[in-house]
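These notes concern the structure reproduced below.
The values are calculated or read from the model by the stated rules, or taken from the named source; none is laboratory data. Owing to the predicted nature of the structure, the values given are computational and were not obtained by experimental measurement. All Cβ positions, even for glycine, are placed from backbone atoms using ideal geometry, and neighbour counts span all protein chains on display. Note: areas computed on protein heavy atoms with side chains; ligands, DNA, RNA excluded. Shrake-Rupley method; radii C 1.70, N 1.55, O 1.52, S 1.80 Å.
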Amino acid sequence: MRDLLDPKNDFVFKRIFGSEENKDVLLAFLNCTFQEAGEQPLTEIVLMNPYTDKDSPQDKQSIFDIQAKTAEGNLINIEMQLFNRYDNEKRTLYYWSKQYASQLEEGQSYKKLKKCVTINILNFSILPNERYHNVFHLREDYSGIPLSDDLEIHFLELSKLSHHKTTTTGGLLNWLLFLKSDNTENWEVLKMQEPELGKAMTVLEFLSQDAESRRLYEMRLKALHDEASSMEGAREEGEKQGELKGKLEVANKMLAKGMDMESISELTGLPIEEIKKINQAH
C-alpha cells in the first residue's frame, strides 16, 4: 500500500467524518467524545454541511469543518486544525458565538436557542496541562452552579498523546491515536474491536490509494502550509515592529536627557542615522 494520507489534513478529515455515507463513523466518534465527558450518547445526527465534490482544497471559501445537528436540535461544530493559528481561545469563542446567534431570526424568542458544542481537534498544544481532552462550560466559580448548558467547548490536543497507546477497551483515545497516525501496527485488531473506527481506517486506506484523492490532498496541504507561513511571517513582522517602536521610544528619552548619539546607538542597537532622524525631529 502507498503511504497513508494524513487524516489530520482537514480535507481528508472531512472526507472520512463528514460524508453522508460515513455518518455512522462521525456518530461513533462523537459518542466516544461525549462519553468521556460524562454525557449521554447521541441516537442520531444530521450533517448540516456534508462533503461534496465541490469542496475545493485550494478555495479559501471552502469550509472543511463539520457541522451537525442532534435529534434534540443541538448544534455541533467539529474542526481539525493542523497548524496553530494563534489566539485559539478567542477564535473559538468568536465562532461559537456566531453559530449560537445564527439560530435566531428577527423577532424570535431567545427560548428557541439550542445548545452549541464546539470540538477543536488540535495538532498542537494550547492548554497548560497534560490532559489530551479538556471540556469547558459556563459555571459559577465557587459553587459550580451552571449559568447555562448552552455553551460547551472541547479541546482535543493530539500533541499530548506521545505516551499513550491503543486500548482494548475502546473509547476516544483510540480514535485520537488513529488521527495522530504515528503507529498503524494495531489497526487490524482495532478494526475488529471497533467497527466504526475500522471503517474510518478503511476509508483512509482507500483514499490513500486513489490518485485523484492524493492529488487533492497535496493541493490542500500546500494551501495549509502557505497559510501557516503567511500567518507566521505576519506575526514575526508585528513583533519586529513592536520591538523597533520600543527602541525608538527609549532613544528619544535618552536624547532628551542629553546622551550622545554613539552611546544611544550602542545601548539600543539602532543605527546612528536613525538616531539622527529622531534628534532632528526634536
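Looking at the stretch 134-152, I want the residues that are within 20 Å of residue 89 (Cβ to Cβ) and in contact (Cβ under 8 Å) with a residue 24 or more places away in the chain and have a partner that is open to solvent by 80 Å² or more (accessible area, probe 1.4 Å) and assigned to a strand (DSSP E or B) with Cβ atoms under 9 Å, at least 6 apart or on another chain. Which pairs are those?
These pairs meet every condition: 151/136; 152/136.
Name the residues in the stretch 245-270 that are open to solvent by 70 Å² or more (accessible area, probe 1.4 Å) and either among the acidic types (Asp, Glu) or assigned to a helix (DSSP H, G or I) (or both), would you?
245, 249, 253, 256, 260, 262, 266, 267
Answer yes or no: is there a residue in the stretch 92-114 that is within 26 Å of residue 222 (Cα to Cα) and without any contact (Cβ under 8 Å) to a residue 24 or more places away in the chain. First the steps, then the outcome.
Taking the stretch 92-114 and keeping what is within 26 Å of residue 222 (Cα to Cα), we get 92, 95.
Retained after the next criterion (residues that are without any contact (Cβ under 8 Å) to a residue 24 or more places away in the chain): 95.
Within the stretch 92-114, one or more residues are within 26 Å of residue 222 (Cα to Cα) and without any contact (Cβ under 8 Å) to a residue 24 or more places away in the chain.
Among the residues of the stretch 172-183, which ones are surrounded by 15 or more Cβ atoms within 10 Å (Cβ to Cβ) and either on the phi > 0 side of the Ramachandran plot or not in a helix (DSSP H, G or I) (or both)? Give the derivation first.
So in the stretch 172-183, the residues surrounded by 15 or more Cβ atoms within 10 Å (Cβ to Cβ) come out as 172-181.
Residue satisfying the conditions is 181 alone.
Would you check if there is a residue in the stretch 35-57 being within 15 Å of residue 121 (Cα to Cα) and under 18 Å from the mean Cα position of the chain (by Cα)?
No, because not a single residue in the stretch 35-57 is within 15 Å of residue 121 (Cα to Cα) and under 18 Å from the mean Cα position of the chain (by Cα).
Residue 250 versus (1) more than 25 Å from the chain's Cα centre (by Cα); (2) within 30 Å of residue 131 (Cβ to Cβ); (3) of a type in the set (A, V, I, L, M): which is the lone unmet condition?
Here residue 250 clears every test but (2).
Which one is most open to solvent (accessible area, probe 1.4 Å) among residues in the stretch 87-142 that are farther than 17 Å from residue 157 by Cβ and among the polar types (S, T, N, Q)?
102
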